[in-house]
Amino acid sequence: MHADLTELLADLDRRGLLTHVAEPVSPDFEIAALTDRACKMPGGGPALVFDKPIGFDMPVASNVFGSVERMCLALGVKTLDDLAIEINQLLAPQVPEGIVDALKMLPLVGRLRDLMPKTVRDAPCQEVVRHDGTLDELPILKCWPEDGGRFITLPLVFTKDPETDVRNIGTYRMQVFDGRTTGMHWQRHKGGAQHYRVAERLRRRLDVAVALSAEPVLTYCATAPMPEGLDELLLGGFLARRRIELVKCVTIDLEVPASSHIVLEGYVEPGERRMEGPFGDHTGFYSQPDEFPVFHLTCITHRKRPTYLTTLVGPPPMEDYYLGMASERIFLPLIQKTHPEIIDMHFPAEGIFHNLVIISIDKRYPGHARKIMSAVWGLGQLMFSKTVVIVDKDVNVHDPREVAWIVGTHMDPSRDVQMTKGPLDDLDDSCDLPAYGGKMGIDATRKWASEGYRRTWPARIKPAEGAALRAREIWDRLPRP
Ligand SMILES: Cc1cc2nc3c(=O)[nH]c(=O)nc-3n(C[C@H](O)[C@H](O)[C@H](O)COP(=O)(O)O)c2cc1C
Ligand SMILES: [Mn+2]
């Protein structure tokens, strides 16, 4: 497991998964354009390190998490499904049947201990402390031509609930207004926004710490849909297999990951709003300007030689598809704890997570598909799902062709479409009102007599088994064209 971003980048370099751009390139659009090209390559392209951003003495890294292989390396696993297995072991530990069994469980005990972060005194992220630091020192990107300005796109935003002191970490973009202020784009449904709501009710200033180029596991965790009130660092410690090291901020009452490259310390004031945007968003369209709270910088701390880690969002697929894929795999076993009939789920890149969710189920009773739609619409950030497609367990949700085929053949639109209304993602522009609108569930499972189906459901065509095997042998012997 990599201790910090520096180690991950070195590892990617050794494995040939990282490309250095040695030529000087501008943080205004050029780094974004090169990153876009990488993201659009099959499988997500290489990670990029821009050694010489024009005007800055600080390298920029992008697309670091933008492939299945690199996402796995960042999380220290061979496949993302390995994580699901580990989470299942943690959720349903076997009662040991003897000393050997008990010893086998020791690693599990260790991982429970790892969940709690610990505070250290000396931290790489505070090698340099700049009370008069400004954002003009950082190679923050201008991404798309109509963007309202420069945006920090991969920050880990730390806040604490002013009443309960419970921590939240979220990735919320920050538009640079000037050297010492930015927008704070936490959307209304998110953890940071809830802490700000409490602070406004108490008429109190809310401390905010922003970690940049943090250790890879945590950069993922800040994007993960953790249930409200659950500290993202618990997930961080579990994934890192060690306790996350924190250090106290210099000017505010928060802690940040010690191994981060750069930390922005500051606060948001109750009642203060400013227009943020437009911003070329991960929907592939520009988010319109809207009012958001303002982050005031009090201090920048950083390593002596920091790298600025960023990401580009825009028309899919982009790097965030792979961050979302990690959540898809990590949260599936957790969802299966309350809905064991869910076999698999997938968010296709083109669905931008909230527009299209495909779920396969082990159908057990009439109306089962509709129960799962309701569950999805009531479950954490899955509530945003605008279209939910439910298929039987024999359908591969990761194969868009198979899913399109099955939906087309199994769905009677007059019978199988469930319409409802509810909260939508803040970024949805199709609905009449912000963050509130329609949702559609498609029941593409085989219909049963107990659901009113009076005919005989046809059997799916599969080749004759023996002949198929023989065909393969013969095929292999055929001359290659
Ligand atoms: C690259 C990237 C940028 C994001 N930008 C924002 C943003 O600007 N505002 C927002 O509310 N969520 C944004 N998100 C999504 C949140 O990080 C995500 O919903 C996360 O789970 C929020 O954590 P929370 O539940 O603790 O608030 C972004 C995600 C990624 C991967
Ligand atoms: Mn959270």
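The values are calculated or read from the model by the stated rules, or taken from the named source; none is laboratory data. Please read all numbers here as calculations on a predicted model, not as lab measurements. FYI the Cβ positions are ideal-geometry reconstructions off the backbone, even for glycines, and counts take in every protein chain you see. For the accessible areas, the whole protein counts, side chains as well, though only heavy atoms, and no ligand, DNA or RNA atoms are used. Shrake-Rupley method; radii C 1.70, N 1.55, O 1.52, S 1.80 Å.
General observations
- Here is the figure for the stretch 116-155: residues that are farther than 23 Å from Val263 by Cα and in contact with a Leu (Cβ under 6 Å, 6 or more places away or on another chain) total 0.
- Condition broken by Thr182, with the remaining ones in (1) part of a loop (DSSP other than H, G, I, E, B); (2) of a type in the set (Ser, Thr, Tyr); (3) more than 11 Å from ligand 1 (Cβ to nearest atom) satisfied: (1)
- If you filter the stretch 195-220 down to residues that are touching a Lys or Arg at 6+ places or on another chain (Cβ under 9 Å) and within 13 Å of ligand 1 (Cβ to nearest atom), you find that the one that is least open to solvent (accessible area, probe 1.4 Å) is His195.
- Leu323 being closer than 28 Å to Ile85 by Cβ and open to solvent by 30 Å² or more (accessible area, probe 1.4 Å): no
- Residues that are under 25 Å from Glu319 (Cα atoms), open to solvent by less than 10 Å² (accessible area, probe 1.4 Å), more than 16 Å from ligand 2 (Cβ to nearest atom) and out of contact with any Ser or Thr (no Cβ under 8 Å at 6 or more places or on another chain) occur in the stretch 173-184; there is at least one.
- Matching entry among Glu265, Glu200, Glu232, Glu272 (being closer than 28 Å to Leu382 by Cβ and away from ligand 2 (no atom under 16 Å from the Cβ)): Glu200
- Qualifying residue in the stretch 333-341 (condition: open to solvent by 30 Å² or more (accessible area, probe 1.4 Å) and under 29 Å from Asp57 (Cα atoms)): no
- Which listed residue, of Phe285, Phe353, Phe384, Phe292, is touching a residue at least 12 places away in the same chain (Cβ under 8 Å), within 21 Å of Asp428 (Cβ to Cβ), surrounded by fewer than 18 Cβ atoms within 10 Å (Cβ to Cβ) and within 16 Å of ligand 1 (Cβ to nearest atom): Phe285
- Restricted to the stretch 136-172, and to residues there that are buried (at least 21 other Cβ atoms within 10 Å of the Cβ) and among the aromatic types (Phe, Trp, Tyr), the residue that is nearest to ligand 1 (Cβ to nearest atom) is Tyr172.
- Residue match in the stretch 219-228 (condition: in contact with a strand residue (DSSP E or B) (Cβ under 6 Å, 6 or more places away or on another chain), of a type in the set (A, V, I, L, M, F, W, C) and within 16 Å of ligand 2 (Cβ to nearest atom)): yes
- Evaluation of Gly76 against (1) without any contact (Cβ under 8 Å) to a residue 24 or more places away in the chain; (2) on the phi > 0 side of the Ramachandran plot (one fails), failing number: (1)
- Scanning the stretch 91-130 for residues that are within 30 Å of Lys248 (Cβ to Cβ), in a loop (DSSP other than H, G, I, E, B) and out of contact with any Lys or Arg (no Cβ under 7 Å at 6 or more places or on another chain) returns Leu115, Val120, Arg121, Asp122, Ala123.
- Test result for Ala199, assigned to a helix (DSSP H, G or I) and in contact (Cβ under 8 Å) with a residue 40 or more places away in the chain: yes
- In the condition set (1) closer than 26 Å to Asp147 by Cβ; (2) within 15 Å of ligand 1 (Cβ to nearest atom); (3) not in a loop (DSSP other than H, G, I, E, B), Thr223 is compliant with all but (3).
- The stretch 91-110, residues that are closer than 19 Å to Ile330 by Cβ, open to solvent by 50 Å² or more (accessible area, probe 1.4 Å) and of a type in the set (A, V, I, L, M, F, W, C): Leu91
- Selected residue (only one of Leu156, Leu138 is under 27 Å from the mean Cα position of the chain (by Cα) and within 16 Å of ligand 2 (Cβ to nearest atom)): Leu156
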